[in-house]
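To start, the structure under review is shown below, and the notes come after it.
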Amino acid sequence: AAFHSVEGLKQMVRSLMPDAGRPSLRLPPHVSEARVLSDLDYLVTTLNVGLLSPEDQEKVVRRYGHFEIFFTDLWDWRAPVDSLQVLYEHWREDPIMQKEAANVFQEGQSWQGSYYCTQGRTKFSLDITAVMMVGGKEQVQADLTFTIAKKGGNVTGIYEVLGKVDLSGRTLIFEPIPDSWKEQPKNFVMVGTQGVVSATDDGTLRHVYAGTVPIYGCDSFELFTEAKAEGHQRGANHWRNSPFSGALQRLSDTIDMNRHSWRKVLQRLMLEKSQKPNEVAQIFEAARQAGLVSVEFTTGGEEIVLQLKR
């Protein structure tokens, strides 16, 4: 099955804007602009948990956990958006669209950016250590580095990831290499990334690798290559040139707003969970007060240390 993602949808929508100063995707004869806008508006509206009551917002976010999973369920099963699905397949397999991800990664390259988790925006990078052809696809190996700012000082982790560039949909899924920690902070696990490789529209000749961090409590990420030219905002105002492009741009921006609404609900749920009394602590406190056992406990990260005393 094809890999579908929020970032893939946004890049497909971007390709439909013919006045943006880049190659564009033509609509098939049987798909009208009005149908595309209608289906996209329906999908974007359905993705907006902000339209629900606070109780229903929490139910939906608890059920799916991750905005990307919510999107996939709507795309595959619950949202009748046939025109978008047809266009997505055209976009994935169009050779001109695929060129944006061809021969982008180079050994020694550094991609800099950030990702979102419940602690907020977090700095991270990919330093490319090897690029080779495997099975007809570009295989990329890199050191993934993340840095989290905390009161007691920054927390940094470094480990290796490996992935293959699939030109169909310009997708790249990085998986952690087992036992590859080069710097491992306490209570952290290795996670991968799932994203789409694209050229930017700012005239800097950069590329962007954007998508999702597929773990509960985390969300989207963006990584950029170094600029090769002075930016001139080639596509900054392309939406002004036609009503169709303007509507597409507004709906694409609304997807980001919907993701932000989801993130706020998730942060609220995580905060409520962290403020609830620890069940293990409650049990042992009740036992101590009953005189059954003397217990001292301390918590550190995800670990609970119990010291039993007679």
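The values are calculated or read from the model by the stated rules, or taken from the named source; none is laboratory data. Everything numeric in this text was worked out from a predicted model, so none of it was measured. Cβ: placed from backbone, ideal geometry, glycine included. Neighbour counts: every protein chain shown. Accessible surface areas use protein heavy atoms only, side chains included; no ligands, DNA or RNA. Shrake-Rupley method; radii C 1.70, N 1.55, O 1.52, S 1.80 Å.
Below is a table of values for the structure above.
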read-out: Net charge of neighbours whose Cβ lies under 11 Å from the Cβ of Arg63, counting Lys and Arg as +1 and Asp and Glu as -1; value: -1
read-out: Highest average packing first - 26-35, 45-54, Cβ atoms within 10 Å; value: 45-54, 26-35
read-out: Of Lys150/Lys264; Lys10/Lys151; Lys10/Lys164; Lys151/Lys273; Lys123/Lys228, pairs whose Cα-Cα distance is over 27 Å; value: Lys10/Lys151
read-out: Per residue accessible area in Å² of the range 32-179, where ligands, DNA and RNA are left out and the probe is 1.4 Å; value: 50 Å²
read-out: Approximate spin-label separation Tyr42-Thr129, in nm, with each point projected 7 Å along Cα-to-Cβ; value: 4.8 nm
read-out: Ordering of 4-12, 140-148 by burial proxy (mean other Cβ atoms within 10 Å per residue, highest first); value: 4-12, 140-148
read-out: Contact order normalised by residue count of the range 169-219, Cα under 8 Å, 6+ apart, percent; value: 33 percent
